[in-house]
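Presented below is the structure to which this report refers.
The values are calculated or read from the model by the stated rules, or taken from the named source; none is laboratory data. Bear in mind the structure is a predicted one, so any value in this text is a computation, not a measurement. Note that we place each Cβ from the backbone using ideal geometry, even for glycine, and neighbour counts take in every protein chain shown.
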Amino acid sequence: MYKIIDGKALAYNMRADIKTQVEKFTKDNGRHIGLAVVLVGEDPASQIYVRNKIKACEEVGIKSYSYRLDGAVTQGELEELLYELAQNNNVDGILVQLPLPDHIDSESALRIIPDYKDVDGFSENNIGKLCQGKESIVACTPNGVMKMLESCKIDLCGKKAVIVGRSNIVGKPMALLLLNADATVTVCHSKTRNLKQECLGADVIIAAVGRAKFVTADMVKDGAVVIDVGMNRDENGKLCGDVDFDSVKEKCSYITPVPGGVGPMTITMLMYNTYLSAIRSKG
Ligand code: NAP
């Protein structure tokens, strides 16, 4: 019998804890924790993500500073803003909503964000530290997945974990986190031979492919833990994950739904990272 890992409930509880910690920080330090959110252009999906992040800030008592830049902003203008935010002591975290327009050199712009304000955990130094098992700011989505596994007391030591997807924001940091938790990790991608066989050997499958219902029941061994990072639309326009939930669930010990799984945890981890940045900046 499978159990559902309820990301919505976990996120709700974590946000309540974060709110308490943020209130304490504000009282002890006589200032708010601040998150700067930079949005360039009018991309509808990005606007929704930014709105949700600002709403989450309000929920936990973090002060958000919202910067909406025209899609035609120059590299220089964007970089000037990021330099200002890097210097601003009221800003503990800086988030630039991706993707940036094609004419912007994203890497060069993002490099301006100091590592200690990189609340997305995307910087080369933060990834490098994660790779070496050192304290760092960890990318929100994979870190949220780890919290979900922890919440169910799933012991990863010596387990075979298969990640489908090798992006810099999900697959790769996920692999490092699982490795740091003593799992034996395989990262699969579009060139992997015999993906089904790889998945069938897994105690834990993390699907981060970006293809609706890509992981099917014949790819999952009995008793596996299946975490679905995907956010796609099915043929009826309904939100769905990378896992064919209805058929796969019967094989699982634990499974995450979409919606209500990994998604709510991602923004929660952003709040957590911003709080951690504020605490660390004090030290
Ligand atoms: P991405 O950058 O597009 O990466 C997709 C990965 O899947 C790539 O590594 C790709 O391999 C691999 N892949 C594609 N087709 C494959 C196939 N047929 N067999 C095996 N591997 C294949 O995507 P992403 O940014 O990591 O996001 C993945 C999914 O997670 C998306 O649905 C996204 O919307 C969702 N997401 C959700 C959250 C959340 O908060 N829930 C956060 C971030 C992302 P190659 O490298 O070889 O091309």
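Filtered by the rule that a residue be among the small types (Gly, Ala, Ser) and touching a helix residue (DSSP H, G or I) at 6+ places or on another chain (Cβ under 6 Å), the range 38-59 gives a lone residue, Ala56.
Looking only at the range 177-228, which residues are small (Gly, Ala, Ser) and either within 10 Å of the ligand (Cβ to nearest atom) or in a helix (DSSP H, G or I) (or both)? If you could, list the steps in order and put the result at the bottom.
To start, the set of residues in the range 177-228 that are small (Gly, Ala, Ser) comprises 181, 183, 190, 201-202, 207-208, 210, 212, 217, 223-224.
Ser190, Ala207, Ala208, Gly210, Ala212, Ala217, listed by residue number.
Going through the range 256-280 one residue at a time, which ones are modelled with pLDDT of 95 or more, more than 11 Å from the ligand (Cβ to nearest atom) and either β-branched (Val, Ile, Thr) or farther than 11 Å from Cys140 by Cα (or both)?
Within the range 256-280, the first condition is being modelled with pLDDT of 95 or more, and the residues that meet it are 256-279.
Filter once more, keeping what is more than 11 Å from the ligand (Cβ to nearest atom): 257, 271-279.
Selection gives Pro257, Thr274, Tyr275, Leu276, Ser277, Ala278, Ile279.
Being more than 10 Å from the ligand (Cβ to nearest atom), over 22 Å from Gly7 (Cβ atoms), among the basic types (Lys, Arg) and touching a helix residue (DSSP H, G or I) at 6+ places or on another chain (Cβ under 7 Å) is a description that does not apply to Lys147.
For the range 150-166, the set of residues classified as surrounded by 17 or more Cβ atoms within 10 Å (Cβ to Cβ), free of Cβ contacts under 8 Å to residues at least 40 places away in the same chain and either acidic (Asp, Glu) or away from the ligand (no atom under 11 Å from the Cβ) (or both) is empty.
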